[in-house]
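Asker: I'd like to ask you about the structure that follows.
Every number in this text was worked out from the coordinates using simple rules, so none of it is lab data. These numbers come from a predicted model, not from an experiment. Here the Cβ is made from the backbone with ideal geometry for all residues, glycine too, and neighbour counts use every protein chain on show.
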Amino acid sequence: MAKIDFLSLLRTLDRHRVDYLVVGGMAGVLHGAPITTFDLDLVHSRREDNVARLLAALKELDACYRIQPERRLRPSASHLASAGHQLLTTRFGPLDLLGEIGAGYTYENLLPGSVAVQVGEGLSVRVLNLETLITIKEQLGEDKDRAVIPVLRRTLEEKRRR
Amino acid sequence: MENDEPPSPELPTHSEDGVDLTLIRWMLSLTPAERLEALQGIVDFIESVRRENGQD
């Protein structure tokens, strides 16, 4: 199994100038929620030029699908241009590329509800804001999403109190 | 110098739904980069334990 290295994963995407938003558990952590996650969930722009840059980044990351990793199945441009979820493994750990999340939210829909966050030296990423993250978790309605909602809500309250 | 004052009773440690607010306050005292480092540290620790137990 590849060693998880979130920062190297983000730096690789940045080097290839991929347009994406950090969502999911990592977005919660970056906003201050004390939760743990083992993958990086991103909503990417499905524009043709961005998909091409993303494919180049995925090649460098040696990305293939987590299901049946022994078959080394790799995502294609048409996969990345779809609304579907590509659950990948990379040389820096699991990476989930999400064409849409919640009630049909795309990169373009979500971009206004995101903020730039400095995560390392010279590395700034766009992260879904906490309010929108909570709304989407509420829409998803799966147990794993519902479980984290109280922590996200209290984190938002504490942030507002400051 | 140590501060011997007890924590303020107006500052609850847990929310009504059981969320540990002290952990949230600690996370909010960090920069986003430090929060990422903290998560990476947890993941590294768990991965090392798994490796030592032959679960990799």
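Asker: Kindly state, as a whole number, the per residue volume in cubic angstrom of the convex hull around the alpha carbon atoms of the range A:6-153.
Answerer: Roughly 105 Å³ of hull volume per residue.
Asker: Collect residues whose amide H, placed 1.01 Å from N in the peptide plane, falls under 5 Å from the amide H of A:G84; neighbours closer than 5 in sequence don't count.
Answerer: Under 5 Å from the amide H of A:G84: A:G99.
Asker: So, one more: Is there a simple number for the mean count of other chain Cβ atoms within 10 Å of the Cβ of residues in A:34-41, and what is it?
Answerer: 4
Asker: A follow-up question, please. For the range A:47-108, which trypsin sites (Lys or Arg not before Pro) are both in a DSSP coil and crowded by at most 14 other Cβ atoms within 10 Å?
Answerer: The qualifying sites are A:R47, A:R72, A:R91.
Asker: For A:Q118 paired with B:D44, estimate the spin-label separation in nm (one decimal), with each label point 7 Å from Cα along the Cα-to-Cβ line.
Answerer: 2.2 nm
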